[in-house]
Amino acid sequence: MKIIINNLHFTYPTGLEALKGISLTINPGEQVAIVGQNGAGKTTLVRHFNGLLKPTSGAISIGEWETTKYSTAKLASRVGYVFQNPDEQLFSRDVLAEVSFGPRNLGYEKSKADELVKRAMALTELNDKAETNPYDLSPTWRKMVALASIIAMDTPIIIFDEPTTGQDAVNVARIANVIAELKREGRTVVTITHDIDFCAENFERIIALAKGQVLLDGLARDVLGQGEILAQTYVEPPQLTRLGKRLGLKETITKQDQFLNAIARD
Amino acid sequence: MFENIKKEFSTRTLVLIPIAIAINIAIGELVVRLKLPVYLDSIGTVLVGAIAGPWAGALTGGLANLIWGLFNPFAAPFFYVAAAIGLMAGLAGKRGAFQNETPRWVSVVVGAVFVFSLTLFILAFINASTDETGYTSYPSMGQLFSQYIVAFIAAILIGAAIGYFLLQKGGYAGMWGLITGVIAAIISAPTAAYVFGGVTGAGTDLLVAAFRASGGGILASVLAQGSVSDPFDKMLSFMVVWLIVRSLPARFTSR
Amino acid sequence: MNAFSMYAARESGLHSLHPLTKILMTLLLVAAGLALPGNWTGYFIVVFIIFPLAFWGRVFLNLLSTTWKVSLPFAISVILIQSFFWGEGTPIFEIGVLSPKWEGAMFAAVSMGKIILVMSGFLLFSMTTRPDTLMITLKQAGVPSSIAYIIVTTLQIVPSFQRKALTILDAQRSRGLETEGNLYVRARAFIPIILPLVLGSLMEVEERAIAIESRGFNSGKKETSLIEIPDTPLQKVIRRVILFGIFAFIVFGVLWRL
């Protein structure tokens, strides 16, 4: 399902102009990371995807749906949104019930819903925790419950807001694995992140925002290669990219295997 | 007794109280946002009563209204009502109202008895007559029963349905909420009537209007309004807390 | 400070008064308005005492608009109910069954006087007293530090709870939860929104308890404060007089009505 954003402006009731004319197209199945300093408009932008915010002017559509014409609860069947803090959504007495909440709201048939829940729990490695109270789990596992509860909604588009913040290395690897699987399923993934290393490893397209406008938009290695422009929005290229540059490698390095190949070749 | 009071005020309780007051305010505003026809602004107070005991509950309620009074001075004079609600929640908690499940038939009986009494109360109120000397006489029960038999049967059925579908397994908590609501209605009526002319500026004023229309005095109408809306509101608050206590993770309850 | 408060930062004589003097003054005015005979005493005090005080505190317009906002729903309600449902009385007009009575309208006007007095008195206090100085004052006046802790912490955390409730509302809507529609739909949304709020904040209880114990709370030692609240001997005398006045008004109010 295609996301088309056309000259989107948004001003908060406080008068803060957060988005100043953003135009983007995100194609079905793309893996997109959005980066930029705090206050660049990242969260404001993605909150338009499922109608939590409506444009002050301009338009955004999800498939053929213009978001102004649909409630967030309706748009939830097309766009899943994993909030940054899992504690802002968990309320069920056990993990299974929590993960089933979204699919039930969307009105899937019982058998279909059960199947979706089962797959989401397997993907997030929660099978042995189905009957645990979410609040008895560690914060990292609560994050996985939040992920599962959105993945189970089977939306063509999924948004992650800072998925790796506060997570240990094992869980970051788990989240990367989840994103890779979503890609195989052909679902669009849009992620807001400060974690530029995570971004370089897992995303093919990167959009850098600064002061409510698109600063850079393109393939990961093209965007991450432009260190000077990225510095305007206080983003530093990944360690590996900087290392490659210092070593004088010709191409812009974003991934480990690419680095090893380049080293071997040169 | 003082030993018990002291025991209730551990550091944990002390930390819990401001959180509970903030919960009161945040949920009170949420209810307005969702346009629900209830207040549900004492859930935090009831929660403290349930978890920490009656004195902590009373302190939470009293302080909640006094602090709220800095923004909406209307709340401050009712601080003693809020304290009574917290106290009652604590007493209910001591008797296990929030920890235990009750069989559904108990909930059915609680619901039926309550709606029946409410109907009796309202009909008696509507049919009261005042003679020239100002003496108010109320109709006898027998008269009311023969006159409104259908209404009473309907009341019992509706009450039973409320008990079965709404109270479900929390009948005992719901019953404590109803009793608390009745007490709250009685003790708040004089303040509401004399200080504020009998209105709250909220939707329940329509009920006051209805009772005034049927010939009740200001105090009586405020009391009647309170007895209709307060028990229902407090019943829901107690039910929600019952649900919260049952959803508490083992991590919290094991301490 | 970003606390839940109505404080309006200004430089004025009223602002620099000791908070205890101000709260006693407010209580005195309210006690006078409720105790003294006469239907219009409340209005009189508001116009001739509270409004000039608000001018002095440079918050007059602020006070006027806030009092108006909080009092308006009461005014509408009390006037409609008391005039239209008064019972026996002199009709203002009659259209079918609608017949508002003069006596009811008068009663409503008298009630509004008391409401406006209580509202504007306490609002004036809130607007001219910094929440943190209020706290220190309470402690100095002998209020137990636990009560002081509760009040100051509440004022600090309420804004974050309000924000959190809105975020949870958004998070659950993003999971397909309908929050608009008929009463049943809206009522069903209630539990999934309040449970994360309550459960999440209960999880913080233990951390906060450890935090305040490690700062020596409950140690039984007297605290010292960084902020000095200016007080004058004159104000101390005035406070005694006011306290006596409040007591006198209450006694008078009760005796007069017996």
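The values are calculated or read from the model by the stated rules, or taken from the named source; none is laboratory data. Small disclaimer: the values here were computed from a predicted structure and weren't measured. Please note: Cβ atoms are built from the backbone with ideal geometry, for glycine as well, and neighbour counts cover all protein chains shown.
Only a single criterion out of (1) surrounded by fewer than 19 Cβ atoms within 10 Å (Cβ to Cβ); (2) more than 7 Å from chain B (Cβ to nearest Cβ); (3) part of a helix (DSSP H, G or I); (4) touching a helix residue (DSSP H, G or I) at 6+ places or on another chain (Cβ under 8 Å) is not satisfied by residue C:180, namely (3). If only residues of segment A:33-50 that are polar (S, T, N, Q) and more than 14 Å from the chain's Cα centre (by Cα) are counted, the one that is surrounded by the fewest Cβ atoms within 10 Å (Cβ to Cβ) is A:38.
Here is the figure for segment C:59-98: residues that are under 22 Å from residue B:193 (Cβ atoms) and among the acidic types (Asp, Glu) total 1. Does segment A:93-108 contain any residue that is touching a residue at least 60 places away in the same chain (Cβ under 8 Å), within 12 Å of another protein chain (Cβ to nearest Cβ) and not in a helix (DSSP H, G or I)? No - not one qualifying residue is present in segment A:93-108. Take the conditions of a type in the set (Asp, Glu), touching a helix residue (DSSP H, G or I) at 6+ places or on another chain (Cβ under 7 Å) and on the phi < 0 side of the Ramachandran plot and apply them to residue A:87. Does it pass? Yes. Among residues of segment C:71-84 that are within 8 Å of chain B (Cβ to nearest Cβ), those with a Cβ under 6 angstrom from a residue that is part of a helix (DSSP H, G or I) and of a type in the set (A, V, I, L, M, F, W, C), sequence gap 6+ or separate chain, pair up as C:74/C:115; C:78/C:108; C:81/B:208; C:81/B:209; C:82/C:107; C:82/C:108.
Looking only at segment C:141-163, decide whether some residue is in contact with a helix residue (DSSP H, G or I) (Cβ under 9 Å, 6 or more places away or on another chain), at the interface with chain B (Cβ under 7 Å from one of its Cβ atoms) and over 25 Å from residue C:6 (Cα atoms). So far as segment C:141-163 goes, no, none of its residues is in contact with a helix residue (DSSP H, G or I) (Cβ under 9 Å, 6 or more places away or on another chain), at the interface with chain B (Cβ under 7 Å from one of its Cβ atoms) and over 25 Å from residue C:6 (Cα atoms).
Results for (1) in a helix (DSSP H, G or I); (2) crowded, with 24+ Cβ neighbours inside 10 Å, shown as yes or no for each residue.
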{"residue": "B:31", "(1), (2)": "yes, no"}
{"residue": "B:45", "(1), (2)": "yes, yes"}
{"residue": "B:55", "(1), (2)": "yes, no"}
{"residue": "B:61", "(1), (2)": "yes, yes"}
{"residue": "B:71", "(1), (2)": "no, no"}
{"residue": "B:85", "(1), (2)": "yes, yes"}
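With respect to residue C:158, is the statement that it is within 28 Å of residue C:14 (Cβ to Cβ) and not assigned by TED's automatic domain parsing to the domain that holds residue C:36 true? Considered against the rule, which asks whether it is within 28 Å of residue C:14 (Cβ to Cβ) and not assigned by TED's automatic domain parsing to the domain that holds residue C:36, residue C:158 comes out as yes. Scanning segment C:142-152 for residues that are in a helix (DSSP H, G or I) and either more than 12 Å from residue B:64 (Cα to Cα) or within 16 Å of the chain's Cα centre (by Cα) (or both) gives C:145, C:146, C:148, C:149, C:151, C:152.
Residue C:37 satisfies every condition listed in (1) within 17 Å of the chain's Cα centre (by Cα); (2) surrounded by fewer than 19 Cβ atoms within 10 Å (Cβ to Cβ); (3) under 22 Å from residue C:247 (Cβ atoms) except (1). The helices (runs of 4 or more DSSP H) located wholly in segment A:173-266 that include 2 or more residues which are over 11 Å from residue A:33 (Cα atoms), out of contact with any strand residue (DSSP E or B) (no Cβ under 8 Å at 6 or more places or on another chain) and aliphatic (A, V, I, L, M) occupy A:239-246, A:256-265. In segment A:2-32, the qualifying residues are those that are within 16 Å of the chain's Cα centre (by Cα) and either at positive phi or β-branched (Val, Ile, Thr) (or both), and the one that is surrounded by the fewest Cβ atoms within 10 Å (Cβ to Cβ) is A:25. Quick one: count up the residues across segment B:1-50 that are of a type outside the set (A, V, I, L, M) and within 11 Å of chain C (Cβ to nearest Cβ). Looking only at that region, the number is 13. If the condition is being of a type in the set (Ser, Thr, Tyr) and surrounded by fewer than 24 Cβ atoms within 10 Å (Cβ to Cβ), then segment A:136-174 contributes A:138, A:140, A:164, A:165. Within segment A:180-200, the set of residues being buried (at least 19 other Cβ atoms within 10 Å of the Cβ) and of a type outside the set (A, V, I, L, M, F, W, C) comprises A:187, A:188, A:191, A:193, A:195. Kindly establish whether residue C:126 is polar (S, T, N, Q), facing chain B (nearest Cβ under 9 Å) and buried (at least 19 other Cβ atoms within 10 Å of the Cβ). Judged against the criteria, residue C:126 is a match.
Conditions tested, residue by residue: (1) in contact with a Lys or Arg (Cβ under 6 Å, 6 or more places away or on another chain); (2) more than 8 Å from chain C (Cβ to nearest Cβ); (3) not aromatic (Phe, Trp, Tyr).
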residue: B:56; (1), (2), (3): no, yes, yes
residue: B:61; (1), (2), (3): no, yes, yes
residue: B:65; (1), (2), (3): no, yes, yes
residue: B:70; (1), (2), (3): no, no, yes
residue: B:80; (1), (2), (3): no, yes, no
residue: B:87; (1), (2), (3): no, yes, yes
residue: B:93; (1), (2), (3): no, yes, yes
residue: B:97; (1), (2), (3): no, yes, yes
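Kindly establish whether residue C:121 is within 11 Å of another protein chain (Cβ to nearest Cβ), crowded, with 16+ Cβ neighbours inside 10 Å, small (Gly, Ala, Ser) and more than 30 Å from residue A:159 (Cα to Cα). Judged against the criteria, residue C:121 is a match. Each residue in segment A:252-266 was checked for being surrounded by 14 or more Cβ atoms within 10 Å (Cβ to Cβ) and either under 18 Å from residue A:202 (Cβ atoms) or in contact (Cβ under 8 Å) with a residue 24 or more places away in the chain (or both), and 6 pass.
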